[in-house]
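Input: a single structure, listed below in structure tokens.
The values are calculated or read from the model by the stated rules, or taken from the named source; none is laboratory data. Predicted, not measured: the structure shown is a model, and the values here were computed from it. Cβ coordinates were reconstructed from backbone atoms using ideal geometry, including for glycine residues, and neighbour counts include every protein chain displayed. These accessible areas exclude ligands, DNA and RNA; they are computed on the full protein's heavy atoms, side chains included. Shrake-Rupley method; radii C 1.70, N 1.55, O 1.52, S 1.80 Å.
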Amino acid sequence: MSGDNPMAAPGRLELVRRFVNTRDIEAGTDALADAPGLRAWLRDGGRTVQAVRGVDLARARRLREALRAAATANHDRGPVPAEALAALDDVAARARVTLSFTPDRAWRAQARAGGVDGALGDLVVAMTEAMTDGTWPRLRVCANDTCRWAFFDTSRAGTGKWCAMRLCGNRAKQQAWRDRRAAGPARG
Ligand SMILES: [Zn+2]
């Protein structure tokens, strides 16, 4: 985990952000391209799973795109698509996410299942924790369609649209400037 990453999210939300970014749309790479890839990613996050089946891999990728869609809705301020909600619900059910109440008059959600189901459940639990502590709405997806990188928006107004790492905002501004120039009257 890169502590000095300006796009990193606080707490366990960073796990969610990194999971979404296992697919690098711009580079065309996917850390979850095959079962060993998913296993290695989970191991790096401290979860050792014995076996990863094809269906586990499909569920992991479905969850990833559901999280990307949910984070996209954070800046579009639109509803989370039904397909994404169904995927999130499915992961929570398979992981047997349960509530337990704590002495400090609070509660905690926990994935009870083992294996890949439980590991994916940890990600939706992390999402609910972020919803509870108010950090979730700042998990965003870069507005550049060829990028769609997940980042944590640290802008004061909470209106960040572009990831910082690839300077997508600068590229968008330059493109707008070129468009204006191309559309405007020819000069000198
Ligand atoms: Zn970007």
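Could you list the trypsin sites (Lys or Arg not before Pro) in the stretch 52-90 that lie in coil according to DSSP, counting only those with at most 12 other Cβ atoms within 10 Å of their Cβ?
On the way: sites: R53, R59, R61, R62, R64, R68, R77; in loops: R53, R77.
Qualifying residues, ordered by number: R53, R77.
Once you have a ≥ b ≥ c as the square roots of the Cα gyration tensor eigenvalues for the stretch 54-125, tell me rounded if a/c is under 1.5, and otherwise prolate or oblate according to whether a/b is larger than b/c. Walk me through the numbers before you get to the answer.
Working: a/c = 2.79, a/b = 1.24, b/c = 2.24.
Because a/c hits 1.5 or more and a/b fails to exceed b/c, the stretch 54-125 counts as oblate.
The listed peptides 99-108, 18-27, 116-125, 133-142, ordered by packing as a protection proxy, come out as 116-125, 133-142, 18-27, 99-108 (highest mean of other Cβ atoms within 10 Å first).
Which angle from 0 to 90°, rounded to the nearest 10, does the C-alpha axis of helix 54-76 make with the longest principal axis of the chain? In the chain, helix 54-76 runs at an angle near 50 degrees to the longest axis. Take every Cα pair under 8 Å whose residues are at least 6 apart in sequence, average their separation, divide by the length of the chain, and the relative contact order is 22 percent. Lacking any other cysteine beta-carbon closer than 4.7 Å, the following Cys residues of the chain have no compatible partner: C168. When the stretch 111-167 is described by a simple charge dipole with +1 on each Lys and Arg Cβ and -1 on each Asp and Glu Cβ, the residue from A150, G160, G134 located farthest towards its positive end is G160. Only protein heavy atoms count here; on that basis, with a 1.4 Å probe, E65 has an accessible area of about 60 Å².
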